[in-house]
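The values are calculated or read from the model by the stated rules, or taken from the named source; none is laboratory data. Note that the structure is a prediction, hence the values are computed from the model and not measured. As a convention, Cβ positions derive from the backbone with ideal geometry for all residues, glycine included, and neighbour counts pool all protein chains shown.
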Amino acid sequence: MSGKAGTFIVGAVVGILLIAVVFGGEAAVSRTEFCISCHSEIYPYEELKKSSHWGALGADPGCKDCHVPQGFWNFHKAIYTHVVDGVPFLIKEFTTDYSTVEKFNEHRPEAAFRARMKLKEWDSLTCRACHKNVKAPGASAKAAHAKMQTEGATCIDCHQNLVHKKVPEHDLNASLAQGQPVAKVEKKKKDDDEEEDEKD
């Protein structure tokens, strides 16, 4: 065996091993069991199990199904999620007291905002992985879904607080523009306005 051939074979073996480690490692840290090994994630997981998403499509979703992009073409996003977003989160896990749900709730708004902004950035691709060819059930829903074409909206712009404990909703477009959390301003329903007019 020539020196060049030997070097090529060794390089190929090392490359294959590295690929196996990266893909295997990503699969390992995407498991729900890994997520809830952090104390703070126990609370959201218990909320997930009580939500309408649990078992809704004939299967019980795990953390990764909403919070980690899946599939070969999204692999770079999954890596980014665990390295760039996950490492600071892990550091906070060891420096913050999450011993009770009350203490966790002190940090919940920040966590909810981060999760919403990631979904916004991904165009809600984890939502779309399960909810395909969604047909809006009514005039108001159809108008809201039309905003996906006209206002750059995506699933998470409207569908917040579906799984975990409620947190005040955010205007994600405004948050992107301003670079900080912006609370969503609730519009009064037409019926409420008419009712007020009748009282007057």
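Summary table
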item: Single condition Asp123 does not satisfy, out of (1) part of a loop (DSSP other than H, G, I, E, B); (2) of a type outside the set (Lys, Arg); (3) at negative phi; result: (3)
item: Inter-residue pairs, beta-carbon under 6 Å, first touching a residue at least 60 places away in the same chain (Cβ under 8 Å) and in the range 119-146, second in a helix (DSSP H, G or I), 6+ apart; result: Thr126/Cys66; Cys127/Cys155
item: Candidate set from the range 44-68 (those that are among the hydrophobic types (A, V, I, L, M, F, W, C) and farther than 18 Å from Trp122 by Cα); member that is nearest to the chain's Cα centre (by Cα); result: Leu48
item: Matching option when the condition is surrounded by 12 or more Cβ atoms within 10 Å (Cβ to Cβ) and of a type outside the set (D, E, K, R), among Ala177, Ala141; result: Ala141
item: Every residue from the range 145-183 that is farther than 26 Å from Lys50 by Cβ and part of a helix (DSSP H, G or I); result: His145, Ala146, Lys147, Met148, Gln149, Thr150, Asn173, Ala174, Ser175, Leu176, Ala177, Gln178
item: Flag for Ile91 being under 25 Å from Arg114 (Cα atoms), under 18 Å from the mean Cα position of the chain (by Cα) and at pLDDT 90 or above; result: no
item: Ser99 being under 17 Å from Pro44 (Cβ atoms) and of a type in the set (S, T, N, Q); result: yes
